[in-house]
Amino acid sequence: MKKRLGVNIDHVATLRNVRGASHPDPFLIAKNIMSMADSITIHLREDRRHIRDIDVVKICKSKNIFTNLEISLNNEILKIALKNKPNFICIVPEKRKEITTEGGLNLLKNKIKIINIISEFKKKNIRTSLFI
């Protein structure tokens with residue numbers, strides 16, 4: 001079985017955002033990482049504290065960057081994901097005040113919504129997983 005390396009670059013964007021600058025650029029980092037890794041992971045949070053919409057567009061648009069996009073069940077975020085068609089989607093829970101993801105999705109509470117979302121991604125040939 002071939003081992004695969006995926007690298008999460010969210011905190012590259014966090015550093016850029018805290019600095020209030022354009023550097024470091026998550027897109028350029030993602031391009032460079034792909035010479036050593038099989039994929040990159042980015043999380044488009046509702047509060048945009050990591051990756052921003054423009055990062056998603058640039059990274060997903062590049063055919064040389066194999067992208068795993070982490071998203072919540074938020075409708076606006078879902079539309080952005082469907083529009084930009086990353087290679088993979090991982091649906092994750094999201095709480096406003098958490099520093100990082102602290103737990104899994106409530107499958108019972110969100111069952112119908114999750115089934116519908118996965119169906120939409122499947123129509124676009126986007127592999128989907130859940131953080132439970």
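Observations on the model:
- Complete set of residues in region 13-24 that are open to solvent by 30 Å² or more (accessible area, probe 1.4 Å) and either touching a strand residue (DSSP E or B) at 6+ places or on another chain (Cβ under 7 Å) or outside any helix (DSSP H, G or I) (or both): GLY20, ALA21, SER22, HIS23
- Contacts under 6 angstrom Cβ, first residue in region 104-132 being farther than 14 Å from PRO86 by Cα, partner open to solvent by 90 Å² or more (accessible area, probe 1.4 Å) and of a type in the set (A, V, I, L, M), 6 or more apart: GLY104/ILE132; LEU105/ILE132
- Listed by position, the helices (runs of 4 or more DSSP H) contained in region 31-130 that have at least 3 residues being within 26 Å of ARG19 (Cα to Cα) and open to solvent by 40 Å² or more (accessible area, probe 1.4 Å) are 53-61.
- Residues within region 3-12 that are open to solvent by 50 Å² or more (accessible area, probe 1.4 Å) and either within 18 Å of VAL92 (Cα to Cα) or of a type in the set (D, E, K, R) (or both), tallied: 4
- Close contacts from region 24-36, counting a first residue that is under 16 Å from HIS50 (Cβ atoms) and a second that is small (Gly, Ala, Ser), with Cβ to Cβ under 8 Å and a gap of 6+ residues or different chains, come to PRO26/ALA13; PHE27/SER62; ALA30/SER62.
- THR101 being within 13 Å of ILE71 (Cα to Cα) and at pLDDT 75 or above: no
The values are calculated or read from the model by the stated rules, or taken from the named source; none is laboratory data. None of these values were measured; they are calculated from a predicted model. Neighbour counts run over all protein chains shown; Cβ positions are idealised from the backbone, glycine included. Side chains are part of the model used for accessible areas, which takes the heavy atoms of the whole protein and leaves out ligands, DNA and RNA. Shrake-Rupley method; radii C 1.70, N 1.55, O 1.52, S 1.80 Å.
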